[in-house]
Amino acid sequence: MISDIKLGREQILVVDDMLPNRKILERIISGMNHNPVLASSGEEAIQKLKEGISPGIILLDISMPDMDGFDLCRILKADVKTRDIPVIFISAFSGIDDVVKGFELGGVDYICKPFVPAEVSVRITNHLRMWKMQKEREEYNQRLNRLIDEQSEQIENEKRKVLYGLVAINSRLSNIPISHIDNAKHNCRILAQSLQLSTGYEQLISNTFIENIEVAAPLYNIGMIAISKDIVPRIKAGTMTEKDMDEYRMHPDIGADMIAEIEPDCENNEFCGMVMDLSRYHHERWDGTGFPKGLKGEEIPLSARIISLVMTFQELTDGTNAELSVEDAIEHMKSDRNKIYDPGIFDIFVKIKNQLRIG
């Protein structure tokens, strides 16, 4: 209830060019145990606000020379620092046009001269209580939003811990060194940053995209945790049977489905959505001959085009399948430019080869 709102000693700004009016309002406001601040013009009122006064209400005379009350109200409502302060117009005239115009400009009430102290007191008190209730509601909503954000962040961190735990298990089962994961994060970030500065990609890659792909990169192959580890040696040796290949081709969808189970609202979670794209589409090929969906060209999500290139490079350089130099690895991959890899991304990848981590 508004009547339950307790008021302290509030500043009340009075703007009126007539000294008798200012004095009358000063006495009324002081008698209410509030602090009157007097200004004889719109310019003086603006100056006092700039000097740091923080009124709970502004009593604003309409008829003043140079800058009338309507003009001052427009200025106040256009400033983020003063737009929420309630404005009560005061005037010797009670024409309906002035009343309507005052409300249209954002005024909350209208007091006619000559002043009736009891009326002025009640109107000020009511609007102060509404103003304070609004401030308290805003502060409560801000606290609630902070709490929700903190809880959401905590939940997201817990989900990421689960995902990274699965990555660690998969890495141990597959004998993938931890440096492979660290290098993936670094190289994806460096490549994404370079693309952000390159024609054709600058509008597609935001700072958030760069942060997300660095954190998401180790999760791209998470579906392999569900694949029989008996076939891992045959994957590395390139001796998979047709049955092995059928099972192996399932891991992108398995990984994406695992992500969706952990975070059902992936459509509204940019990071989670990227992890799903990395998992599901990292075996797609630029020429459309990849799996599981057979996507072609820019149908393949940008993050998946990046991870495909980076992870092949690392498999060639980190000692898992081979241990080539940077130059030899890139030379080996050139024949797949425009087949497996996005040619534009590949060309930029070659330019930043000295910034890449291997081993």
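The values are calculated or read from the model by the stated rules, or taken from the named source; none is laboratory data. Because the structure is a prediction, the values reported are computed rather than measured. As a convention, Cβ positions derive from the backbone with ideal geometry for all residues, glycine included, and neighbour counts pool all protein chains shown.
So if I check each of ILE58, ILE90, which one is touching a Lys or Arg at 6+ places or on another chain (Cβ under 7 Å) and aliphatic (A, V, I, L, M)? Write out each step before concluding.
Numbers: ILE58 fails: touching a Lys or Arg at 6+ places or on another chain (Cβ under 7 Å).
Result of the check over ILE58, ILE90: ILE90.
Out of the residues in segment 107-155 that are β-branched (Val, Ile, Thr) and under 25 Å from the mean Cα position of the chain (by Cα), state the one that is farthest from PRO20 (Cα to Cα).
Among them, the one singled out is ILE155.
Please pick out the residue among PRO252, PRO292 that is touching a Pro at 6+ places or on another chain (Cβ under 6 Å), assigned by TED's automatic domain parsing to the domain that holds HIS332, without any contact (Cβ under 8 Å) to a residue 60 or more places away in the chain and surrounded by fewer than 19 Cβ atoms within 10 Å (Cβ to Cβ).
After applying the criteria, what remains is PRO292.
When residues of segment 329-359 are filtered for being under 19 Å from GLU298 (Cα atoms), under 33 Å from the mean Cα position of the chain (by Cα) and not in a helix (DSSP H, G or I), how many remain? Lay out the reasoning, then the answer.
First pass over segment 329-359, keeping only residues under 19 Å from GLU298 (Cα atoms): 336-349.
Okay, now just the ones that are also under 33 Å from the mean Cα position of the chain (by Cα), so 341-349.
Now drop any that are not not in a helix (DSSP H, G or I), which leaves 341-342.
Summing the residues that are under 19 Å from GLU298 (Cα atoms), under 33 Å from the mean Cα position of the chain (by Cα) and not in a helix (DSSP H, G or I) in segment 329-359 gives 2.
For the list (1) part of a loop (DSSP other than H, G, I, E, B); (2) of a type outside the set (Gly, Ala, Ser); (3) over 18 Å from ARG123 (Cβ atoms); (4) under 41 Å from the mean Cα position of the chain (by Cα), I need the number of the one condition that MET64 fails.
MET64 satisfies every listed condition except (4).
Just give me the residues in segment 170-205 being aliphatic (A, V, I, L, M), modelled with pLDDT under 90 and not in a loop (DSSP other than H, G, I, E, B), in sequence order.
Correct list: LEU173, ILE178, ILE181, ALA184.
Looking at this structure, is THR208 in the same structural domain as PHE271 (by TED's automatic domain parsing), more than 16 Å from LEU356 (Cα to Cα) and at pLDDT 90 or above?
Details: in the same structural domain as PHE271 (by TED's automatic domain parsing): yes; more than 16 Å from LEU356 (Cα to Cα): yes; at pLDDT 90 or above: yes.
In short, yes.
May I ask you to verify whether ILE213 is touching a residue at least 60 places away in the same chain (Cβ under 8 Å) and outside any helix (DSSP H, G or I)?
No, not satisfied.
From the list TYR281, TYR220, pick out the single residue that is more than 22 Å from ILE169 (Cβ to Cβ) and aromatic (Phe, Trp, Tyr).
TYR281
Could you please find all residues in segment 25-49 being touching an Asp or Glu at 6+ places or on another chain (Cβ under 6 Å), assigned to a loop (DSSP other than H, G, I, E, B) and closer than 19 Å to LEU7 by Cα?
HIS34
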